[in-house]
Amino acid sequence: MSKRKAFTLIELLVVIAVIAILMAILMPSLKIAREQARGITCLANQRTLAQAYIMYADENGGSIVGGWATSTTTNGVPPWVMPPLSFNGASYITKASGSVTLIERYNGLRQGALYPYVREVKAYHCPGDFRKNLGTSLGRGLEYCIFRSYSLPDHLRATQAKDPKKLFSFKEPANKMLFVEEIYDGAAGNFNHDGWSYNPNAGSLWDPLGVFHSDACTFSFMDGHSDRKKWEDKRTVVYFNSRTEAANQGFGKGVVFNPANIDLDWLDEHYPGKTNVAQ
């Protein structure tokens, strides 16, 4: 009867060392693959929302939807999304602050004017945006577990007298942004309210964007396409990740960059108007 041969301690250590080396080699590749998959999904979401925006205009005589997240129709213009809503069996009740459930967040999306053209709440969320599970810098309660990753620029508000009202009134549609990835911490409510605030040609930043893709953001544009923008100035990424840290380094909210920030040139060129809102 032959004696069964077992691994020696040295052989086991060699095998473990080889596995560790392989894992060290493969893990960065797996991380990159996951990030690429998230980026592809995010670009698809951006295209979906942009095409919904365009279809709404096509079916409404060229009129654009309300660009701020509000709970009511303003001057005859419905909002593209609403705040979180609870349903009491007969009607929806706005829950614009405090703890909310994910279902209540979904309700606000479904009651928005663009949802009939989207029909999928996942299209409103970037898979690289972890706030819905981890909360924000202000806390991890339900009020900070924000789901919606995308907003429209303030200039596309469309509800006030001087606001642009027609999609065809914008020149160079392939060059003008629609939806942006915006990160919001819940300081003034439990959802990304109003729009993304930016003052073009001011040399400074106001609302941060969500850098969910290796120091890059996705955007959609008025012709329906989407693209990814990699930021070139390190200060841009610092600002988007932490306005407090940016202020500590001298380029906080509304503070003009010195020297000038090249990323603002790109934002100025692609912002849909010459001012934050129409004047």
Relative contact order, percent, the chain [alpha-carbon distance under 8 Å, six or more residues apart]: 19 percent
Region 32-139 - charge dipole about Cα centre, Lys and Arg +1 at Cβ, Asp and Glu -1, debye rounded to 20: 320 debye
HN-Hα J in Hz across region 187-198 - Karplus 6.51, -1.76, 1.60, θ = phi - 60°, x for Gly and Pro: 5, 10, x, 9, 8, 6, 8, 6, x, 7, 8, 8
12 Å beta-carbon shell around Trp206, net charge (K/R +1, D/E -1): -2
Amide H contacts under 5 Å for Gly66, placed H, 5+ residues apart: Trp80
For region 122-129, 3J(HN,Hα) per residue [Karplus equation, 6.51 cos²θ - 1.76 cosθ + 1.60, θ = phi - 60°, Hz, x = Gly/Pro]: 4, 5, 8, 10, 7, x, x, 8
5 Å binning of all Cα-Cα separations within region 61-106, expressed as whole percents from 0 upward: 5, 22, 24, 22, 14, 9, 4, 1
Mean projected area in nm² (Cα convex hull; one quarter of hull surface) for region 120-279: 9.7 nm²
Separation of alpha-carbon centers, region 45-115 and region 148-175, rounded to whole Å: 16 Å
Relative contact order (percent, whole number), region 169-279, Cα cutoff 8 Å, 6+ residue spacing: 33 percent
Rh by Kirkwood over Cα pairs, then Stokes-Einstein D for the chain at 0.692 mPa s and 37 °C, µm²/s: 160 µm²/s
Computed log₁₀ I(q)/I(0) - Debye formula, equal Cα scatterers, no solvent, region 218-279, q 0.16, 0.22, 0.24, 0.30 Å⁻¹: -0.64, -1.03, -1.11, -1.26
Placed amide H near Asp194: partners under 5 Å, 5+ positions off or other chain: Ala69
Entries in Lys122/Lys165; Lys95/Lys234; Lys234/Lys274 that, when Cα-Cα distance is taken, lie over 32 Å: Lys95/Lys234
Mean Kyte hydropathy of -1.0 or more with a Cα span along the axis of at least 24 Å, helices from DSSP in the chain: 9-59
Local electrostatic count, Gly250, Cβ distance below 13 Å [Lys/Arg +1, Asp/Glu -1]: +2
Relative contact order [Cα under 8 Å, 6+ residues apart], region 43-188, whole percent: 26 percent
Kirkwood Rh and Cα Rg combined as Rg/Rh, region 42-130: 0.98
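Read-outs throughout are calculated quantities, based only on the coordinates presented, and are distinct from any laboratory measurement. Bear in mind that the values here come from a model prediction, so they are computed numbers and not experimental data. When we count neighbours, we look across all protein chains shown, and the Cβ atoms used for this are built from the backbone with ideal geometry, even at glycine.
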